[in-house]
1. Determine, yes or no, whether residue 18 is at pLDDT 95 or above, more than 17 Å from the chain's Cα centre (by Cα) and polar (S, T, N, Q).
2. From the set of residues in segment 63-83 that are touching a residue at least 12 places away in the same chain (Cβ under 8 Å) and farther than 28 Å from residue 22 by Cβ, which is surrounded by the fewest Cβ atoms within 10 Å (Cβ to Cβ)?
3. Could you tell me which residue of segment 84-101 is surrounded by the most Cβ atoms within 10 Å (Cβ to Cβ), considering only residues that are farther than 18 Å from residue 60 by Cα and among the charged types (D, E, K, R)?
4. What number of residues within segment 89-127 satisfy the criterion of being of a type in the set (S, T, N, Q), under 15 Å from residue 68 (Cβ atoms) and assigned to a loop (DSSP other than H, G, I, E, B)?
5. With closer than 22 Å to residue 36 by Cβ, in contact with a Ser or Thr (Cβ under 6 Å, 6 or more places away or on another chain) and part of a loop (DSSP other than H, G, I, E, B) as the only criterion, which of 134, 57 stands out?
6. In segment 102-116, what residues are touching a residue at least 60 places away in the same chain (Cβ under 8 Å) and loosely packed, with under 15 Cβ neighbours inside 10 Å?
7. Is there any pair linking a residue in segment 118-142 that is closer than 15 Å to residue 74 by Cα to one that is at pLDDT below 95, with Cβ under 8 Å and at least six apart or on different chains, and which?
Amino acid sequence: MLKLFTFLLSFFLISPLSFASPCSTNLEGNTMMQYSSNSIKVDSSCSVFTIKFKNTSTVAKEYGGHNVIVSRDADFSSLTSLVDPTVHSPENGYLPNSDKIIAKSPIIGPNESYNVEIDVSRLNSGEKYVFWCSFTGHWGVMKGNLVVK
């Protein structure tokens, strides 16, 4: 009886953890100006979703650092037109502050990591979102879809 009680107790305590929705993902940016994934799925039941980003490139930050910007797909072109490393700092992704940016990381160098936290309440199911690198010229190939499920 004690074994049955222990089994049932452990089942009910552990099983909700096993079925919890994942609220984070790993993402890497490499020397070939590529992300390790071209799609990220965000569970709408999460309050915060974290992209655990790592730059695996060997190129110095000044010459080819990487980052992650999350925005609506409809805002992508207008945001890329604002990228200016002569005016804005790498800590701000070479971008001015903007309400169109849902989440962002600074430009980071080789083997550096940064957790990009997305407030999921800012995302709507059915809306198209993208994640992209704001280092000059990188967004042409370093861009993926962020899908709310």
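1. Working: at pLDDT 95 or above: no; more than 17 Å from the chain's Cα centre (by Cα): yes; polar (S, T, N, Q): yes.
Here the answer is no, as residue 18 does not meet what is asked.
2. Residues of segment 63-83 touching a residue at least 12 places away in the same chain (Cβ under 8 Å): 64-76, 78-80, 82-83.
Adding the requirement that they be farther than 28 Å from residue 22 by Cβ leaves 64, 78, 80, 82-83.
Details: 64: 21, 78: 11, 80: 19, 82: 15, 83: 19.
Ranking the candidates gives 78 first.
3. As a first pass, look at segment 84-101 and keep what is farther than 18 Å from residue 60 by Cα: 84, 87-88, 95-101.
Subset that is among the charged types (D, E, K, R): 84, 99-100.
Details: 84: 11, 99: 7, 100: 15.
Out of the qualifying residues, it is 100.
4. Keep residues of segment 89-127 that are of a type in the set (S, T, N, Q), which gives 89, 92, 97-98, 105, 111, 113, 115, 121, 124-125.
Now restrict to residues that are under 15 Å from residue 68 (Cβ atoms): 92, 105, 113, 115.
So of that shortlist, the ones also assigned to a loop (DSSP other than H, G, I, E, B) come out as 105.
Looking only at that region, the number is 1.
5. Numbers: 134 fails: in contact with a Ser or Thr (Cβ under 6 Å, 6 or more places away or on another chain).
After applying the criteria, what remains is 57.
6. The first filter runs over segment 102-116 and keeps only residues touching a residue at least 60 places away in the same chain (Cβ under 8 Å), leaving 113-116.
Across segment 102-116, the qualifying residues are 113, 115.
7. 125/149
For (1) within 19 Å of residue 41 (Cα to Cα); (2) modelled with pLDDT of 95 or more; (3) among the polar types (S, T, N, Q), each residue gets a yes or a no:
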residue: 81; (1), (2), (3): no, yes, yes
residue: 88; (1), (2), (3): no, yes, no
residue: 92; (1), (2), (3): no, yes, yes
residue: 98; (1), (2), (3): no, yes, yes
residue: 106; (1), (2), (3): no, yes, no
residue: 149; (1), (2), (3): yes, no, no
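The values are calculated or read from the model by the stated rules, or taken from the named source; none is laboratory data. Keep in mind that what you see is a predicted model, and the values were worked out from it rather than measured. All Cβ positions, glycine included, derive from the backbone under ideal geometry; neighbour counts span all protein chains shown.
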